[in-house]
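> Just passing along the structure, written as structure tokens.
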Amino acid sequence: MTFVLFALGVVLLIGGAEMLVRGASRLAAAARISPLVIGLTVVAFGTSAPEFAVSFSASLSGQASIAVGNVIGSNIFNVLLILGISAIIAPLVVSQQLIRIDVPLMIGVSVLVLVMGWDGSFSRFDGAILFGGLVIYTVVLLYLGRRGATTAAATSDEPAPLRSTPEGASSWLRNLVFVAGGLLLLVWGSRMLVTSAVDIAQLLGVSDLVIGLTIIAAGTSLPEVVTSIIASLRGERDLAVGNVVGSNLFNIMGVLGLAAIVAPGGIEVAPSVVSFDIPIMIAVAFACLPIFFTGGVISRWEGALLFAYYIAYTTYLILAATDHDALVTFGTIMLEFVIPITAVTLFVLSMLAIRRRGARTKGKVD
């Protein structure tokens, strides 16, 4: 019965996120916000709603390890698995705004989480700083998006859409119902998922942290998986990348921030999270920059590389949780061979990309 409740919770989360994203996306489009900003805010925040619901519920119920593990695991899952699979399906074009603004911000807030958790907890003040940063980020994005949409409309020869028609009013009401229904399903699904996940952890003898880093992180990231893969298949590849980057920013600043605010006494952080899991999240965020930077495209082989690293990360967690004999050997191979080779490869590719851009710029000047 516990596993049935867990599966039902995941289904409700996916269904609720789908309703929320569909309704919110249409509302944002009706408000004349640019598609890129919709991907970074409405779609990204909507697909991160399961992480928000689960972490919020876990914090209130005293399951702080699940709240922290869910955020960190989801961010690692989003970049390594979702971007990896999406790029394998079709190479992903990366917007220059993501390279210049959003990815560096994702790296910055990831490092900030490490600094905040260094003392062994995320206090309510830490949560307020993170959540305040999300509010500022969203306001700036919406402002830029509205300004960009207004500029595009001013230069377009197409007539402006009619605003206050009966059909338009009914459409707004229908989308608001979608948003409310999606939120309701998310609340139900999150309660089922947290309760059943704790029972499963106790049944298998696995810590809440590992469950949060793996099962719950993957389960609550399924809306991002579906959204990014569908976007990649339909050729809306910038949306696939924007969804992942925006979701990661919302997870850290919104989900973790608000969870720390509502949790009694803040959220305690296990030493293993500070010494291993958060640094992995930071490393994954840093890896985005050279991969995104090389030509502005995530190629299929780079997607395969991201996917392979997620398999390696999950394998390490399983070996560590079961105290397997192969843990030391596996860790040595990853730290001394695989990771250094990958870092050197990405560095060389970045240098080649810089040289190519410099050559193109020089050619234009000449």
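The values are calculated or read from the model by the stated rules, or taken from the named source; none is laboratory data. If you're wondering where the values come from, they're calculated on a predicted model, not measured in any experiment. Each accessible area value is taken on the protein alone, full model and side chains, heavy atoms only, with ligands, DNA and RNA left out. Shrake-Rupley method; radii C 1.70, N 1.55, O 1.52, S 1.80 Å.
> From zero up to wherever the largest Cα-Cα distance of region 279-329 sits, split into 10 Å bins and tell me the percent of pairs in each.
The calculated distribution, bin by bin, is 22, 41, 26, 11, 1.
> Right, here's the next one. Gap in Å between the Cα centre of region 279-333 and the Cα centre of region 35-87?
Taking the Cα centre of each part, region 35-87 and region 279-333 sit 18 Å apart.
> For Trp188, tell me the accessible area in Å² from a 1.4 Å probe, rounded to the nearest 10.
130 Å²
> Ok, one more. So what is Rg over Rh here for region 3-112, counting just Cα atoms and using Kirkwood for Rh?
With Rh from the inverse mean 1/r over Cα pairs, Rg/Rh is 0.99.
> Using bins 10 angstrom wide from zero, how does P(r) for region 80-127 break down, in % of all Cα pairs?
Answer for region 80-127: a P(r) of 22, 31, 28, 17, 2 percent.
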